[in-house]
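The values are calculated or read from the model by the stated rules, or taken from the named source; none is laboratory data. Note that the coordinates shown come from a computational prediction; the quantities given were computed from them, not determined experimentally. For neighbour counting, all protein chains shown are included, and Cβ atoms are generated from backbone atoms with ideal geometry for every residue, glycine included. Just so you know, the surface numbers come from the protein's heavy atoms only, side chains and all, with ligands and any DNA or RNA stripped out. Shrake-Rupley method; radii C 1.70, N 1.55, O 1.52, S 1.80 Å.
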Amino acid sequence: MTGDTMLDTFASAGKFYRGNLHTHSNRSDGALEPQDVCRRYKEAGYDFLCLSDHFLESFDYPLTDTRPFRDETFTTIIGAELHAPDTHLGELWHILAVGLPLDFAATSATETGLQLARRAAEAGAFVGIAHPQWYGLNTEDGLSIDAAHAVEIYNHTCEMLSARPDGTMLLDHLLNEGRKLTGFAADDAHFKADDAFGGWVHVKAEELTPEALLAALKAGRYYASQGPEILSVTRDGDQLHVETTHVRSVALVGRASASDVVHGNGITSATLDLSKFTGSWCRLVVTAGDGKRAWSQPEFL
């Protein structure tokens, strides 16, 4: 994250584009051809997609080329889900790399997950710590990936297949340790179950191009959602004014137990107290009547 915050995002020029950063095709362990995956996301109203097949020797280290499926209203970002040893529980890392060059070299026999994440970031990628709850990452694991830009705070496939979709605790722990990271939601769809169109990002950019979207992601100019929309966030002294689609609560959460929340039946605006978070950080969590959420990026006060 290069320094933008929740407030910077909503004040910046451009518009929000909806996209999914984490999905698979039959180039790795997904069920559908890459063209079919892109077509389904376009037909579902998405503006962009990163098709992030598993970058493993067993799949011949695929970097799925989705450039032929771009047009004036839909674009793609080249990426992959990277793997190398070794989490504290002894499992391969799952590291999302959005924005890789097509000639990104195969993982070497001696390369660790930490080194692989650094190499991806040096190659220009937005690096995300994928589905931490799903395979038991702890704070030390998160701190070790020092090239990360973000944590995957909601993974729809993990919700559908293992009821372990969450990454907000890891994000908060890393923020408490001084890491300036953002949080994204994604599908991780394989199209073998009902695992698509459940979590996404709204990225604020001035144009719908891979380059503009990638720059905005690295800067933190986006928010994550399962459905609700965050329409506006502004500050007046110690007051934060938020406008949303119809929701049941707008919460501001921060270090330890710090929080402020407004509840209501179909509310579309809320004013929250920033003074509770002075000297630390806070982020918005918006919850709709059906329980679906949207999450802003952190604001550092």
To the nearest 10 degrees, how steeply does helix 34-43 sit against the main Cα axis of the chain, on a 0 to 90 scale? 20
Separation between Cα centres of the range 51-79 and the range 148-211, rounded to whole Å: 18
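Quick check on the chain: what does the Kirkwood estimate of hydrodynamic radius come out to from the alpha carbon pairs, in Å?
Radius from the Kirkwood sum: 19.2 Å.
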Mind checking which lysines have their C-alpha under 29 Å from K15, skipping anything on the same chain fewer than 8 residues away? K42, K180, K204, K218, K292
Keeping every protein chain present and rolling a 1.4 Å probe, give me the accessible area per residue for the chain in Å². 40
How far is helix 210-219 tilted, in degrees, relative to the longest principal axis of the Cα atoms in the chain, given as a value from 0 to 90 rounded to the nearest 10? 50
For K42, solvent-accessible area (1.4 Å; no DNA, RNA or ligand), Å²: 90
Whole-percent carbon and sulfur share, accessible surface of the chain, 1.4 Å: 46
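In µm²/s, what is D for the range 136-264 at 10 °C and 1.306 mPa s, where D = kT/(6 pi eta Rh) by Stokes-Einstein and Rh is the Kirkwood radius from Cα pairs? Provide the component values of the computation, followed by the final result.
Details: Rh = 16.5 Å.
Result for D is 97 µm²/s.
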Calculate the dipole size of the range 243-301 relative to its Cα centre from +1 charges on Lys and Arg beta carbons and -1 charges on Asp and Glu beta carbons; express the result in debye to the nearest 20. 180
Ratio Rg/Rh [Cα only; Rh per Kirkwood] for the range 24-145: 0.98
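If you take the beta carbon distance between L231 and A109 as r and set R0 to 45 Å, what does 1/(1 + (r/R0)^6) give as a FRET efficiency, to the nearest 0.05? Write down the numbers at each step before the final one.
Working: r = 50 Å, r/R0 = 1.10.
The computed FRET efficiency comes out at 0.35.
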Spatial extent of the range 194-235: Rg and Dmax, with the Cα atoms as the point set, Å: 11.9, 40
Quick check on the chain: helices-only [θ] at 222 nm, where DSSP H runs of length 4 and up contribute -39,500 (n - 2.57) each and the sum goes over total residues. Nearest 500, please. -5500 deg cm²/dmol
Compute the Kirkwood hydrodynamic radius of the range 136-198, taking the inverse of the mean of 1/r over all pairs of distinct Cα atoms, and give it in Å to one decimal. 12.3
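Under a point-charge model restricted to the Cβ atoms of Lys and Arg (+1) and Asp and Glu (-1), what is the dipole moment magnitude of the range 70-214 relative to its Cα centre, in debye to the nearest 20? Don't skip to the answer; put the middle values down first.
Numbers: 8 positive and 23 negative charges, 35 e Å.
Computed about the Cα centre, the dipole is about 160 debye.
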In percent, how large is the relative contact order of the range 26-177, given Cα pairs closer than 8 Å and 6 or more residues apart? 15
